[in-house]
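Visitor: Got a structure for you, written out below as structure tokens; questions coming shortly.
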């Protein structure tokens, strides 16, 4: 079969930007097959660049009339193209990285200053990428070693040590090449076989830009075949010959969208002007093609704008089907895109969002979910964001970090934990455990503390068995030291399956089910198979390695999505077709992405060695942009601000804007404004969609509940709250609300106060039993013992111990004076009392930190404070704790002391500036205190009295426990209260 006429020059065809490339490719094949026998197409070897394009070509063939299909294969799957070309069996990419980690570890053992151990996998991945590139471009280690580095810094000396690993690795793997090396060997073998015996049937490479050396080698071999041809996507036939010639210097032009084609044709011994049109297909907007082509001219020849610009004619028609969306924020951008995609789905229009910004694509997918539209995302879902990926990363983290309450409950609440038929009971137990942890404060749960919950609070058999399962499966997995990778991987899998199987060990769990589970199992199975090639690692390095491998996995579901709404990466933009194309995230740094830093070779060294320049990525992204922006209907979107700063528009958008606005006589500025106006319509719709009707701010609450449900019992410390913030008393006692303690506990002021009380009580008791213990050493030893028991945070322990040591001498001096005057008779647990006020049916209960009694029977009350003690005026008006406790003592409310006079009551401040503050007992007699207290409580038993929020807060900045419930912030202290009778 002959599709092409004989020719001496290489046969290279192009398809204009904006044309549906697969459809045009098939149309050209059909036109050239006219008059051929039916089996002619079946003899064609059609090599395409991606599996996605191969699927679309097959779909288009199947949608057409019945016929035989060409042999379609991807450029990375050439094993069946010439079966007689045999290459050695290869090694997996994972094995290569594990072997490189072993070599890097050996190098680091010789020089610990080279790099931190936490970067093992990143270093191995970077070196593997360099090896891939060297093999793909045909660059040898000798080429790297021969570079002129006379003007380089000392960094090169360190880099050479790692590049020596590359040479060692390549020498050791010649018999077992990796994927990139096998591809180059295969392509070289195919090219040699074709040179000896050229195939008589047509061989076509379509859709590739020749951006990699191995691919370029294959394209050159095909182009020289008798019936070989290249079909280039997005070929710009509007560029003049002098502009093509200006692309000759890669150091200046590799970021141009057409540079790869110029290099391809130059390597074939021809010029880009020799590229012919593949098929007579008119681009959707020829005027736009010319406009975009002119806007992308290389920097040295942009003076052509002034010369060729007037020849573009009226620009309004060129951009009629273009819309510019300039959103204020990424969220607004995503919502406007989602609205347009929803309209396309309703109208039956095929639409594609093309963006390299995965965050934008996820935002758009989330926004479309409200209308039940699931786009077909070519990138799928990253495995590490799927339930199995997150679960496996959590399990790996158990080896590297001490288990805390957050880690425990994160795992217990994961949908794959105990993912068996009895998971509902597991969820119930998890809820009960969380409440217990929050209530009791268990920052680092242990087997003993969890079993204590069974003994004291939840002693049913099912919960006990569940706690035992937790202790065996999740606790005490933290490991130090290095171990073989096989050990870590096997333990990781064993533990993951045990946690997923639950209490009964049910193997029918959900960890490896559905597409995400199958992909996760594949990743872990590959790691287990290749683990013998890895180095010994510690738990942190293993967790990093496992996390990186899981992050590299992708989960795709091509059956569930909407068939006409797609999200593509920029690669798909070269070879796909859609009626509406949305180019999203067109900001510099996103599209094009900033070239990643190269830790090994600078730009000049790469050029001298024959490696790819960083601008190659920019050039490929520019080609994708040119191909996409010429589609039938185009949206260009960008966010003016990111989360933290103003963004810079993509260089291509800047060029297009500058060109259009410079052509005043051709309506360029007006056309640009019209594009933005069309986008603003959709931004306004997005803003209207999220607009919420304004609600009037809440008024300052002052609820008046029925007297029957008002509190009849308060603690002494709550009297201060009743005076300052009565609403908190209403919320706590009438509504029965309690503030939830944080799950992620920290060494806060509450714990510091409790710990200090324990230290002082234990120390004073020891001194009462043995007066010789009244020493600095004994005091600090007691503090250290209590801190070790009650404060699991090493940093907080050291800090608090230092604070206590700073005030130790002052406390011991004052304690000696206290003990000389009186003897401690009751401490916190024993100093509990209740004062009944029968005339109003109220009871008051209190706990004194410490009670001393002198020889004459008088009682001395003390209260410890870690912060600043209240002043005498504050105690008179608000902080009446000691005054009320003194009155309760004299009323006989404390059984530990009976009825006794109170000679002193004082706050002992143990803060930065330690001091004591006496309660004003002389100015506030106990009879007056009780009378004021009775009047206060009686007032709040009056149906007309409301519990006003933040009634007399000492400072506006003070936070109330129920400020959020009271909606503080919608009102402030200057607002009048809003009494409201409740029933």
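Visitor: Cβ neighbours within 10 Å, averaged per peptide: list 191-199, 36-44, 874-882 in order, most packed at the top.
Guide: 874-882, 36-44, 191-199
Visitor: Could you sort the peptides 833-845, 759-771 by per-residue average Cβ neighbour count (10 Å cutoff), highest mean leading?
Guide: Ranking the peptides 833-845, 759-771 by packing returns 759-771, 833-845.
Visitor: Still on this structure, please answer the following. What angle, in degrees between 0 and 90 and rounded to the nearest 10, separates the Cα long axis of helix 881-890 from the longest principal axis of the Cα atoms of the chain?
Guide: Around 30 degrees separate the two axes.
Visitor: May I ask you to order 365-374, 333-342 by the average number of other C-beta atoms within 10 Å around their residues, highest value first?
Guide: Packing proxy ranking, top to bottom: 333-342, 365-374.
Visitor: Here's something else I'd like to know. Treat segment 224-326 as a sphere of radius equal to its Kirkwood radius over Cα pairs and apply Stokes-Einstein at 20 °C in a medium of 1.002 mPa s; give the translational diffusion coefficient in µm²/s, rounded to a whole number.
Guide: In µm²/s, the coefficient is 140.
Visitor: Right, next: Report the extension gain between residue 67 and residue 687 in nm, rounded to one decimal, defined as 0.36 nm multiplied by the number of residues separating them, less their alpha carbon distance.
Guide: So the extension gain works out to 218.1 nm.
Visitor: Kindly give the semi-axes, whole Å and largest first, of the ellipsoid equivalent to segment 383-555, taking each as the square root of 5 times a Cα gyration tensor eigenvalue.
Guide: Gyration-tensor ellipsoid for segment 383-555: 29, 18, 13 Å.
Visitor: Something else about it: How big is the Kirkwood radius of segment 331-448, worked out from every pair of different alpha carbons and given in Å to one decimal?
Guide: Evaluated on segment 331-448, it is 17.7 Å.
Visitor: Roughly how large, in nm² to one decimal, is the mean projection of the convex hull of the alpha-carbon atoms in segment 339-394?
Guide: Mean orientational projected area (segment 339-394, Cα hull): 4.5 nm².
Visitor: Follow-up question, since we're still on this one. Could you please tell me the mean projected area of the C-alpha convex hull for segment 765-879, averaged over all directions and given in square nanometres to one decimal?
Guide: Result: 10.2 nm².
Visitor: A further question follows. How much of the DSSP beta bridge set in the chain is antiparallel, as a percent to the nearest 5?
Guide: Around 30 percent of the beta bridges assigned by DSSP in the chain are antiparallel ones.
Visitor: Here are labelled values, [x] 93, 79, 60; [y] 125, 65, 61; [z] 116, 84, 58, and one is the computed Cα extents along the principal axes in Å for what I pasted. Which one?
Guide: Step by step, Cα extents along the principal axes in Å for this structure corresponds to label [y].
Visitor: So, one more: Report, in degrees rounded to the nearest 10, the 0 to 90 angle that the Cα long axis of helix 423-440 makes with the longest principal axis of the chain.
Guide: Once rounded, one gets 50 degrees.
Visitor: In terms of the Cα gyration tensor, with a ≥ b ≥ c the square roots of its eigenvalues, is segment 875-983 rounded because a/c is under 1.5, prolate because a/b exceeds b/c, or oblate?
Guide: oblate
Visitor: Please compute the length gained on full extension between residue 252 and residue 834, using 0.36 nm multiplied by the number of residues separating them and subtracting their Cα-Cα distance.
Guide: 200.7 nm
Visitor: According to the Kirkwood expression over distinct Cα-Cα pairs, how big is the hydrodynamic radius of segment 468-550, in Å?
Guide: About 13.7 Å, per the Kirkwood formula over Cα pairs.
Visitor: Quote the relative contact order of the chain in percent (integer), defining contacts as alpha-carbon pairs under 8 Å separated by 6+ residues.
Guide: That works out to 14 percent.
Visitor: Quick one: plug the Kirkwood hydrodynamic radius of segment 745-939 (C-alpha pairs) into Stokes-Einstein at 25 °C, 0.890 mPa s, and report D in µm²/s.
Guide: 139 µm²/s
Visitor: Normalised by the number of residues in segment 299-420, what is the relative contact order in percent for Cα pairs under 8 Å and 6+ residues apart?
Guide: Computed over segment 299-420, the figure is 17 percent.
Coordinate-derived values only; no laboratory data. Every value quoted in this text rests on a predicted model; they were computed, and no experiment measured them. Heads up, the Cβs are rebuilt from the backbone with ideal geometry, glycines too, and the neighbour counts pull from every protein chain shown.
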